[in-house]
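Engineer: Here you go, one structure.
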Amino acid sequence: MDQYYELPLDQVLRGDCVQLMRMLPAASVDCVFADPPYNLQLRGELRRPDDSLVDGVDEDWDRFADFATYDLFTREWLTECKRLLRKDGTLWVIGAYHNIFRIGAILQDLGFWILNDVIWRKSNPMPNFRGRRFTNAHETLIWAARGRESRYRFNYQAMKSLNDDIQMRSDWFIPLCTGKERMQNEHGLKLHPTQKPEALLHRVLLASTNPDDVILDPFAGTGTTLAVAKRLRRRFIGIERHPAYAEAAIGRVRRERPVSTEGATSQPTKREALRIPFGSLVERGLITPGTTVFDRQRRLSAMVGPDGSISSGDIRGSIHKVGALLQNAPSCNGWTFWHFEQDGVLQPLDLLRSAMVTQAAQAITV
């Protein structure tokens, strides 16, 4: 089998992931993010009471004859991931109850060292149409090092900054991919049934990689991992067998622009709105890394980093911490102190937080 003598960086490769991964050189990537087939066993869950399929879902999802076939496929692609990972590299894999427990066992069988299981709690989950079981409102991510002795990358401070200087927990409250972010086909339907939100990948890549690290996504779909990697100035390799998904991913990556790396819950109530981390606005694209924020009089300024911190000269931290230090004050409400420019007018960051709260409330209502 032919091999790539140079890594096909920043490309989307079309074909079978196992075959294409075998063509890549060993120990060549820093991080893998994988969103493999779910191996759905109960197709009835994907049908409405009138027996119609949920938009974007078809019978090809479950293309494995039995658990043994799925396990063999899982072992093959995970074996290749381990070969491709550098000794200190890490792997993220996401799944639901249909497959994540089988994947976790195979990961351990192959010698990966599990670091965390992260619960992605969806603020707007798809309802259970038939009413025969609980609404499935979460998915599980397994984060694993290549081996027990791996000196893996964890950007602890970036995660803390993203969460307003509070330790990031292993339960992440992030809405499903909706609105303009959701890619559609020519009929106006969801192009990919399990497109992941960019906010989720922003957090994954920011937590476990550095700029210029090489990210591999063997099930690239419509290119969420690749687009976020490019935005955060990581290198990437995507593999996708479905021609329409691969074409969409290529176009999406071409449109993406890298950001500056300088300086680099439940239904919202008024009280809970105060606890929204500024980093959540960055993750969800409401404010872009590299944006300059000002105080009301434009006497002070700071730059927004991709981890939700802001920096002014040598001072870096949360919007509250930096505001307090620059004023030599014991505390500061960064939401009202810092402003961003919109159509030539300074607006408080609190305006963006209010927009985020409104979006979350609408998602929960729907």
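Engineer: From the list Ala65, Ala27, Ala96, pick out the single residue that is at pLDDT 70 or above and over 24 Å from the mean Cα position of the chain (by Cα).
Structural biologist: Values: Ala27 fails: over 24 Å from the mean Cα position of the chain (by Cα); Ala96 fails: over 24 Å from the mean Cα position of the chain (by Cα).
None of the others qualify; the one that does is Ala65.
Engineer: How many of the residues in segment 301-315 are surrounded by fewer than 24 Cβ atoms within 10 Å (Cβ to Cβ) and out of contact with any strand residue (DSSP E or B) (no Cβ under 7 Å at 6 or more places or on another chain)?
Structural biologist: 3
Engineer: If you don't mind, there's one more thing I want to ask. Under 9 Å between Cβ atoms, at least 6 apart or on separate chains: pull out the pairs that start in segment 145-157 with a residue that is assigned by TED's automatic domain parsing to the domain that holds Lys87 and surrounded by fewer than 18 Cβ atoms within 10 Å (Cβ to Cβ) and end on any residue that is assigned to a helix (DSSP H, G or I) and of a type in the set (Lys, Arg).
Structural biologist: Gly147/Lys82
Engineer: Write out, first by first residue and then by second, each pair whose Cβ atoms fall under 8 Å of each other, whose residues are 6+ apart or on separate chains, and whose first residue, in segment 229-256, is at positive phi while the second is outside any strand (DSSP E or B) and surrounded by fewer than 24 Cβ atoms within 10 Å (Cβ to Cβ).
Structural biologist: Arg233/Pro211; Arg233/Asp212; Arg233/Pro258; Arg233/Val259; Arg233/Thr261
Engineer: Within segment 272-357, considering only strands (runs of 3 or more DSSP E) that don't extend past its boundaries, which have at least 1 residues that are under 24 Å from the mean Cα position of the chain (by Cα)? It would help to see each step written out before you state the result.
Structural biologist: Details: elements: 292-294, 301-304, 310-312, 315-317, 339-342, 345-348.
Of the strands (runs of 3 or more DSSP E) lying wholly inside segment 272-357, those with at least 1 residues that are under 24 Å from the mean Cα position of the chain (by Cα) span 301-304, 310-312, 315-317.
Engineer: Here is a follow-up. List every residue pair whose Cβ atoms lie under 8 Å apart, where the two residues are 6 or more positions apart in sequence or sit on different chains, the first residue falls within segment 330-349 and is among the β-branched types (Val, Ile, Thr), and the second residue, located anywhere, is surrounded by 13 or more Cβ atoms within 10 Å (Cβ to Cβ).
Structural biologist: Listed pairs, sorted by first residue: Thr336/Pro348; Thr336/Leu349; Thr336/Asp350.
Engineer: Looking at the structure I just gave you, is Leu201 crowded, with 21+ Cβ neighbours inside 10 Å, assigned by TED's automatic domain parsing to the domain that holds Ser170, more than 13 Å from the chain's Cα centre (by Cα) and closer than 23 Å to Leu115 by Cα? Before you say what the answer is, go through the steps one by one.
Structural biologist: On the way: crowded, with 21+ Cβ neighbours inside 10 Å: yes; assigned by TED's automatic domain parsing to the domain that holds Ser170: yes; more than 13 Å from the chain's Cα centre (by Cα): no; closer than 23 Å to Leu115 by Cα: yes.
So Leu201 fails the test.
Engineer: Here are some conditions: (1) assigned to a loop (DSSP other than H, G, I, E, B); (2) touching a helix residue (DSSP H, G or I) at 6+ places or on another chain (Cβ under 7 Å). Ile114 meets all but one. Which one does it not meet?
Structural biologist: That leaves (1) as the condition not met.
Engineer: With (1) modelled with pLDDT under 95; (2) within 30 Å of Gly323 (Cβ to Cβ) as the list, and Phe154 as the residue in question, which single condition is left unmet?
Structural biologist: (1)
Engineer: I'm checking my understanding of the structure. Among residues of segment 155-198 that are on the phi > 0 side of the Ramachandran plot and charged (D, E, K, R), which one is farthest from the chain's Cα centre (by Cα)?
Structural biologist: Filtering segment 155-198 down to residues on the phi > 0 side of the Ramachandran plot leaves 164-165, 179, 188.
If we keep only those that are charged (D, E, K, R) too, we end up with 164-165.
Values: Asp164: 19, Asp165: 20 Å.
My answer is Asp165.
Engineer: Let me ask something else about it. Select from segment 205-214 the residues that are surrounded by 24 or more Cβ atoms within 10 Å (Cβ to Cβ) and of a type in the set (A, V, I, L, M, F, W, C) and list them in ascending order.
Structural biologist: Leu205, Leu206
The values are calculated or read from the model by the stated rules, or taken from the named source; none is laboratory data. In this text the structure is predicted, and so the values were computed from the model without any measurement. Don't worry about glycine lacking a Cβ; one is built from the backbone with ideal geometry, like all the others, and counts go over all protein chains shown.
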